[in-house]
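Undergrad: Here's a structure for you.
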Amino acid sequence: MKRAGLLAILLGFALCIPGCGFTEGTDAVITVVRATPTPIPTPTPLPTPTPIPATPTPAPVIEQTPSGINVEVKAGVYTANTDVNIREDASPDAALIQGVFAGTELTSTGVCDNGWIRVDYNEKTGYVSGDYVTAVTPPAETAEAGTPDAGAAEGAPAEGAAGGADAAPEQPQGEPQGVEAAPVG
């Protein structure tokens, strides 16, 4: 049995050493498997938000007084600091429409380049000097601004301003009933 075992070992070496019966070039099929790297997943890009176009600030509407002074159309409310005259044009030399007393609220429809305010009062349009009125700020805006006289920031003087070329009292034409003295401005 020693011989048979030895023979089996020799036969096994004989077959294994030359390639186990494989002859090069005749029935050779070689399969090469190349390893490809595992792809790294890329994150899905987030959609770029479409910017909301900013609402453009409208250009101010500019009109002119009868004498040609530019008026920026701007609604507002003003309070007369003192008795003041409402005139036909934005000038102390313009014809007087009527006078109003201190504390009267005037509805503004524009602000002139020369500091006068265009107002509507008793269904008439006229002009008052910005030296004698103060812009009325709504209560919500007053709290935000932190100052009770926020109207002074718009170029209106502080309350009590007086003097100027139009400070002399005049007898207003077409005054409302009960007005005895002539307001200024």
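The values are calculated or read from the model by the stated rules, or taken from the named source; none is laboratory data. These figures come from a predicted structure and were not determined experimentally. Counting neighbours? That spans all protein chains shown, and the Cβs are built from the backbone with ideal geometry, glycine included. Side chains included, ligands, DNA and RNA excluded: accessible areas come from the protein's heavy atoms. Shrake-Rupley method; radii C 1.70, N 1.55, O 1.52, S 1.80 Å.
Undergrad: Kindly report, to the nearest 10 Å², the accessible surface of Ile9 as traced by a 1.4 Å probe over protein heavy atoms only.
TA: Its heavy atoms expose roughly 100 Å² to the probe.
Undergrad: Give, rounded to the nearest 20 debye, the magnitude of the charge dipole that the range 26-98 has about its Cα centre when Lys and Arg contribute +1 at Cβ and Asp and Glu contribute -1 at Cβ.
TA: Charge dipole of the range 26-98: 580 debye, to the nearest 20.
Undergrad: Subtracting the Cα-Cα distance from 0.36 nm times the residue separation, let me have the gained length for Thr107 to Asn70 in nm, one decimal. Write down the numbers at each step before the final one.
TA: Working: separation 37, 0.36 × 37 = 13.32 nm, distance 1.86 nm.
Between Thr107 and Asn70, full extension yields an extra 11.5 nm.
Undergrad: Something else now. Taking R0 as 35 Å, what FRET efficiency do you get between Arg3 and Ala35 from their Cβ-Cβ distance, rounded to the nearest 0.05? Write down the numbers at each step before the final one.
TA: Numbers: r = 48 Å, r/R0 = 1.38.
The computed FRET efficiency comes out at 0.15.
Undergrad: Using 7 Å Cα-to-Cβ label points, what is the Ile62/Thr79 separation (nm, one decimal)?
TA: Going by the 7 Å Cα→Cβ label model, 3.3 nm.
Undergrad: How would Leu10, Leu106, Leu46 line up by accessible area, probe 1.4 Å, largest first? Walk me through the intermediate numbers first.
TA: Working: Leu10 105, Leu106 0, Leu46 150 Å².
Result, largest first: Leu46, Leu10, Leu106.
Undergrad: Okay, moving on. Given a Förster radius of 35 Å and the C-beta distance between Asp93 and Thr55 as r, what FRET efficiency does 1/(1 + (r/R0)^6) yield to the nearest 0.05?
TA: On the way: r = 42 Å, r/R0 = 1.20.
Here the calculated transfer efficiency is 0.25.
Undergrad: Here's a follow-up. Can you sort Asp131, Asp93, Asp113, Asp120 by 1.4 Å-probe accessible area, starting with the largest?
TA: Numbers: Asp131 85, Asp93 140, Asp113 115, Asp120 65 Å².
Descending order: Asp93, Asp113, Asp131, Asp120.
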